[in-house]
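Notes for the one structure printed next.
The values are calculated or read from the model by the stated rules, or taken from the named source; none is laboratory data. No experiment lies behind these values; they were computed from the predicted model shown. FYI the Cβ positions are ideal-geometry reconstructions off the backbone, even for glycines, and counts take in every protein chain you see. All accessible areas refer to the heavy atoms of the entire protein, side chains included, with ligands and DNA or RNA removed. Shrake-Rupley method; radii C 1.70, N 1.55, O 1.52, S 1.80 Å.
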Amino acid sequence: MSKLNIGAYWAASCGGCDIAVLDIHEKILKVNEACNFYLWPIAMDFKYEDVEKLEDNFLDLMLFNGAVRNSENEKLAKLLRAKSKLLVAFGSCAHTGGIPALANFYKKDDLLRRVYVETESTSNPDKILPQPKTEVKEGVVEIPEFYDRVFSLAQVVDVDYFVPGCPPNPERIWEVLEAVVTGAELPPKGSVIGATDKSLCDECEREKSEDKKIKGFSRIDKVMVDPKTCFLDQGLICLGPVTRGGCGQKCIKGSNMPCRGCYGLPPDIQDQGAQMISSLAALIDSKDPEEIDKIVKEVPDLAGYFYRFSMAGSFLEGSK
Amino acid sequence: MAASKIKKVGVFVCHCGVNISSVVNIEKVVEAVSKLPEVTVARDYKFMCSTPGQELIGKEIKEQGLERVIVAACSPLLHEETFRRVLVKSDLNQYFFQMVNIREQDAWVTADKDKATQKAIALISAAVKRVQTHEPLPKREVDVDPNVLVIGGGIAGIEASLQIADAGHKVYLVEKQASVGGHMAQFDKTFPTLDCAACILTPKMNSVGFHPNIDLMTYSEVVDISGYIGNFEVTVRKNPKYVDYEKCTGCGVCMEKCPSKVSSEFDEGLVERKAIYTLFPQAVPNKPVIDAKNCTYLTKEKCGVCQKVCEAGAINYEDKEELVKVKVGSIILATGYTFAKPDVLKDYGYGKLDNVLTALEFERLNNAAGPTDGEITLKDGSKPQSVAILHCIGSRDKNYNEYCSKVCCMYSLKFAHLVREKTGAEVFEFYIDIRSPGKAYEEFYTRIREEDVHLIRGKVAQVTDVPVTDDEKGKLVVIGENTLTAQRVRVPVDMVILSTGIESNKDAADMSRLVKVATDKDGFFIERHPKMAPIETASAGIFIAGTCAGPRDIPETVASAQGASSLALKLISKGKVEIEAATAWIVEELCAGCKLCISMCPYKAIEFDEKKKISVINEVLCKGCGTCAATCPSGAAKARHFKDEQIFDEIEGVLSL
């Protein structure tokens, strides 16, 4: 069998997804046996121009992690789309915008001002902001253009598959790689792979009551969390109900922490944050508008909490 | 959104006389929607709900072979049923229908005609998209439970209960106070006939107390209502009376001996009652309750006199509140009203000056069974020489209640007559307008004018005890204006009666949430239609009687109570009621078993399948409220006829222009 041509790329991301690939441990050697890498910025030194020289559809598989936040991200997304047979949105940021897309709650100017002028550790008396083009003695210096908002990969180019997670579970990553390497029958285009259609509650073994009533929200630093009881029953917000399973329950089982929603929304809901708000609103046990208001205000950052990973693809999309 | 598959959609636009057509350009609407690719025919008519209108729809269904029907007219609350029946008659499933509200939600609330027309087109376009995914749903019928719940034991609740009980059906009558009777029991004479309230009320109270078909629960409150028309489940909290009514003979010795005295709410604080008390001597049931807050035994475990003197051994200090569940098919709300006590009372010296009374206080003073045995006296026991009656206190006043309380003019004229008759005092009535429409009301007004009552047209600004002249010394001085002579007036009197109006109960908002019937801005329950359905509410099977729907006098209250009982009896005699076929279901492959829906279902229609680890909806119990679909975090619970795709299609249709 001839070796597969593959690559991995990071756009607006933290690098965790690449580390997760390495977390398949010694199996990476098997990947190496079966594949030739043509791009993997975190691990190997390839140049963009090398990729540009490849024929279209030359790459059998491209794992694209990170969101699209600037012109460089977009350029590479389009380039890699053209060069790849299978383009995979890999990890939460490529899937639904992830943490970087939380910036969509703000306007570009506000973000730049905050980061380059106002942060406590910054001294920038002339209030200089990064410019796409800067003229210096030697000529013109160009940097990528910072966009008004963050996009998920599929909002910019056509995507074949989605692998959710922040980062994706290494076991699931291996399953995906194995399927491609062995030439197994692949699911329909557009599928979310490495995750279940049912929400995380299906796998979660915690005791769930049948008369949930929320009288107030708590936070994990304020209570002793019972590892056997549903977080919602303890007044702790868990995004498990609006999140696909398949992650391996590292948070809820491993660390006794509620789900933050990184595996993204199950197939039949349209907006992860709005759906969770709708569900929780139904559970609040009060008919008094003032009391309800008080309960809701116990969550300091409603939007940030519920749209932590899914802002780019949500109904809200971005601040205008 | 998928491309539209259903191409035979008929759109029918109603003018509603000129209600819609005076704002919305119907011609333009019809022209615009005709161009939509899915629309086969678009027609308009003056009154689509009329027989010719309905026939027009039926004809087009047959001739064009329409697959979906849209009527753009008034609120579906008014005529959805009407048009669904047209579909059924034309052999189309009634759920292939969509009603677009271009009256209440467009014509009546949009001033700009172009915008109103655009809005109508947008709303109809939304419906055209929505009906694409409508599915046929089967008809569902349920049996009607023949028992009826009546909330409130005033004259409205009493009358409604008796009508239903006399027809042979079981009534649960729940009254918050220790006795039935309501406000009417506090009155002495009723206008315009001047017959005594007790003479006409107490026999009815007695009938309610002893009727074999009436389960009277006094000192009780409704705390929860679930279910739907024909099948409500109601939880009633029986507050502890601390008196065992099975044993109590009603001898009254306990009340005589009880040493704790508190201000009597029934007598408007004019006298005191005991901590163990009946509301009034003719109370039904005529057995006492202990007011736990003021009983020395229950607060300090001292005293215990009532227990010692009770020969029947009926006193039970250990009594606890009890929750009782009852099943009924319909509910009559007869929760009554409260007399307003607006802040403006202070300007008239109320609470500061002696002999300034509210209307209800005067009613008690004048009542033959009241604190003075019906003698109209001043605080010092003497008879007043002159009395002023001030109309519209807090009524017809933008600062308080904007509405007219309807009964005050007539009861004020009644007061004038009673004062003249019993004391011979001079009477000054300060009014804005005299409102006396009603059988024999105007004649009563004429009669009072002939009884030498001074009628002064003008509102009073102030009541003071600071004299300017010698005549005013030791008197209450009423300062106002006579608008007919354009003069300021100062009238020294001995007594001032403030005619306060009818106001909704303080807990109207709580009751509204409990029964799921909305209230208007003044806290009165809203009828399903102000003219054509004044007793029904938007909640099927729940009716309103008496003053909880707005100011009414006794004849109107009794009439509405009889109306409400007739509607309840209609349901019972029909025996079955058609209910919403749009129930919910759960997609097995998506349900993760989080159980959130089970917590939320108001009809307890969802169970957990322990084997499959998923939630399952019992369709017989499901009412199709959609709560589970809204709650379900993973999109597994779906509401028929309100599927996400239908709602998103609708939104897309609105935004497509």
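Using all alpha carbons of region B:179-287, what is the percent of pairwise distances in each 5 Å bin, ordered from the shortest bin to the longest?
2, 10, 15, 19, 20, 16, 10, 6, 3, 1
Considering the Cα positions of region A:1-159, please state its Rg to one decimal place and its Dmax as a whole number of Å.
In Å, with Rg to one decimal and Dmax whole: 17.9, 62.
Between residue A:182 and residue A:253, what length in nm is gained on full extension when 0.36 nm per residue of separation is reduced by their alpha carbon distance?
Working: separation 71, 0.36 × 71 = 25.56 nm, distance 3.21 nm.
Extra length from residue A:182 to residue A:253 when fully extended: 22.4 nm.
Residue B:273's amide H: which non-local residues (gap 5+, or another chain) put their own amide H closer than 5 Å, with H modeled 1.01 Å from N in plane and none for Pro or chain starts?
B:262, B:263, B:264
For region A:138-153, just list the computed ³J(HN,Hα) in residue order, Karplus coefficients 6.51, -1.76 and 1.60, θ = phi - 60°, integers in Hz, with x standing in for Gly and Pro.
Couplings: 6, x, 10, 9, 10, 10, x, 7, 7, 7, 5, 8, 9, 10, 7, 4 Hz.
Projected area of region B:315-377, taken from the Cα convex hull and averaged over every viewing direction, in nm²? Walk me through the intermediate numbers first.
Working: hull surface 36.8 nm².
So the mean shadow area of the Cα hull is 9.2 nm².
Among the DSSP beta bridges whose two residues both lie in chain B, what percent are antiparallel, rounded to the nearest 5? Display every interim value, and only then the final one.
On the way: 50 of 98 bridges.
Looking only at bridges with both residues in chain B, the antiparallel portion is about 50 percent.
Can you return the lysines within cross-link range of residue B:473? Criterion is Cα-Cα under 26 Å, with same-chain partners fewer than 8 residues away left out.
Answer for residue B:473, where 26 Å is the Cα cut-off: B:346, B:352, B:379, B:383, B:422, B:459, listed by chain and number.
Give me the one-decimal Kirkwood hydrodynamic radius in Å for region B:9-137, with the sum taken over alpha-carbon pairs.
Values: mean 1/r = 0.0706 Å⁻¹.
Hydrodynamic radius (Kirkwood, Cα only) of region B:9-137 equals 14.2 Å.
Can you order the peptides B:242-251, A:164-173, A:236-245, B:212-221 by their average number of other Cβ atoms within 10 Å per residue, highest first? Could the numbers behind the result be given before it?
Numbers: B:242-251: 15.7, A:164-173: 23.6, A:236-245: 26.4, B:212-221: 19.4.
Ranking the peptides B:242-251, A:164-173, A:236-245, B:212-221 by packing returns A:236-245, A:164-173, B:212-221, B:242-251.
How large is ³J(HN,Hα) for each residue in region B:344-352, as worked out from phi by the Karplus curve 6.51 cos²θ - 1.76 cosθ + 1.60 (θ = phi - 60°), to whole Hz, x for Gly and Pro?
With the stated coefficients, region B:344-352 comes to 4, 3, 4, 5, 9, x, 5, x, 10 Hz.
Return an integer: the convex hull volume of the alpha-carbon atoms of region A:225-320, in Å³ per residue.
Working: hull volume 11.1 nm³, N = 96.
Spelled out: Cα convex hull of region A:225-320, divided by residues, is 116 Å³.
What list of ³J(HN,Hα) values in whole Hz, one per residue of region B:540-551 in order, does the Karplus curve 6.51 cos²θ - 1.76 cosθ + 1.60 (θ = phi - 60°) give from phi, with Gly and Pro shown as x?
For region B:540-551, the Karplus curve yields 4, x, 10, 10, 10, 10, x, 7, 5, 9, x, x Hz.
In terms of modelled amide H atoms, which long-range or inter-chain residues lie less than 5 Å from the amide H of residue A:145?
A:71, A:72
Anything over 32 Å Cα to Cα? Flag those among A:78/A:108; B:406/B:576; A:228/B:623; B:139/B:506, in the order listed.
Numbers: A:78/A:108 23 Å; B:406/B:576 39 Å; A:228/B:623 34 Å; B:139/B:506 41 Å.
Going by Cα-Cα distance, B:406/B:576; A:228/B:623; B:139/B:506 fall outside the 32 Å limit.
Which cross-chain or sequence-distant (5 or more) residues have an amide H under 5 Å from the amide H of residue A:40, H modelled 1.01 Å from N in plane?
Here the answer is A:8, A:46, since their amide H atoms fall under 5 Å of that of residue A:40.
Project the alpha carbons of region A:81-208 onto their principal axes and report the range along each, largest first, in whole Å.
Cα extents, longest axis first: 57, 45, 22 Å.
What is the calculated FRET efficiency for residue B:112 to residue A:209, with r their C-beta to C-beta distance and R₀ = 51 Å, to the nearest 0.05? It would help to have the intermediate numbers written out before the result.
Details: r = 52 Å, r/R0 = 1.03.
In this case the efficiency is close to 0.45.
Taking a ≥ b ≥ c as the square roots of the eigenvalues of the Cα gyration tensor of chain B, is the shape rounded (a/c under 1.5), prolate (a/b larger than b/c) or oblate? Don't skip to the end; give the middle numbers.
Working: a/c = 2.64, a/b = 1.55, b/c = 1.71.
Oblate, because a/c is 1.5 or more while a/b does not exceed b/c.
Carbon-plus-sulfur fraction of the accessible area of region B:598-637, 1.4 Å probe, in percent?
Numbers: 1040 of 1860 Å².
After summing per-atom areas, the C and S share lands at 56 percent.
Taking 7 Å along the Cα-to-C-beta vector as the label spot, tell me the residue B:55-residue B:195 distance in nanometres, rounded to one decimal.
Those two pseudo-labels are separated by 4.9 nm.
Percent of alpha carbon pairs in region B:532-605 separated by more than 14 Å? Don't skip to the end; give the middle numbers.
Working: 1965 of 2701 pairs.
When every Cα pair of region B:532-605 is considered, 73 percent fall beyond 14 Å.
What's the long-distance tail for region B:584-640, i.e. % of Cα pairs beyond 18 Å? Don't jump to the answer; show the numbers that get you there.
Values: 257 of 1596 pairs.
Percent of Cα pairs beyond 18 Å in region B:584-640: 16.
When the Kirkwood hydrodynamic radius is evaluated over all pairs of different C-alpha atoms of region A:206-264, what value in angstrom, to one decimal, is obtained? Please list the in-between numbers first.
On the way: mean 1/r = 0.0845 Å⁻¹.
Value: 11.8 Å, from the Cα pair sum.
Relative to the longest principal axis of chain A, what angle (0 to 90°, nearest 10) does the C-alpha long axis of helix A:170-182 take?
Computed tilt is about 40 degrees.
By how many degrees, between 0 and 90 and to the nearest 10, does the Cα long axis of helix A:272-283 differ from the longest principal axis of chain A?
For helix A:272-283, the angle is close to 10 degrees.
Given axes a ≥ b ≥ c from the Cα gyration tensor, I'd like to know whether the protein assembly as shown is rounded (a/c under 1.5), prolate (a/b larger than b/c) or oblate. Working shown, then result.
Working: a/c = 2.17, a/b = 2.03, b/c = 1.07.
Prolate is the answer for the protein assembly as shown, as a/c is 1.5 or above and a/b outweighs b/c.
What number, in nm² with one decimal, is the all-direction average of the projected area of the convex hull of the alpha-carbon atoms of region B:253-309? Please list the in-between numbers first.
Details: hull surface 15.1 nm².
Its average projected convex-hull area is 3.8 nm².
Taking both sides together, what accessible area is buried at the B/A interface, probe 1.4 Å, expressed in Å² and rounded to the nearest 100?
Details: alone 30510 and 17360 Å², together 45810 Å².
By this definition, chains B and A bury close to 2100 Å².
Kirkwood hydrodynamic radius, computed over distinct alpha-carbon pairs, for chain A: how many Å, to one decimal? Mind dumping the intermediate values first?
Numbers: mean 1/r = 0.0467 Å⁻¹.
21.4 Å is the Kirkwood radius here.
Output the DSSP H helices from chain B with an along-axis C-alpha extent of no less than 24 Å and a mean Kyte-Doolittle hydropathy no less than -0.5. Walk me through the numbers before you get to the answer.
Values: long enough: B:113-130 (26 Å, -0.14); B:554-574 (30 Å, 0.53).
Those that pass (Cα extent of 24 Å or more, hydropathy at least -0.5) are B:113-130, B:554-574.
Please compute the modelled spin-label separation between residue B:75 and residue A:126, points set 7 Å along Cα→Cβ, answer in nm with one decimal.
Between residue A:126 and residue B:75, the label points sit 6.6 nm apart.
Counting every Cα pair in region B:70-229, what percent are over 27 Å apart? Provide the component values of the computation, followed by the final result.
Values: 7030 of 12720 pairs.
Tail of the P(r) past 27 Å holds 55 percent of the pairs.
Got a number for carbon plus sulfur as a percent of region B:253-309's accessible area, 1.4 Å probe? Show your work: numbers first, answer last.
Working: 1500 of 3030 Å².
That fraction is 50 percent.
What is the Cα radius of gyration of region B:339-503 over 2.2 N^0.38 Å, N being its residue count? Mind showing how you got there, number by number?
Details: Rg = 14.9 Å, N = 165, 2.2 N^0.38 = 15.3 Å.
Taking the Cα Rg and dividing by 2.2 N^0.38 Å, one obtains 0.97.
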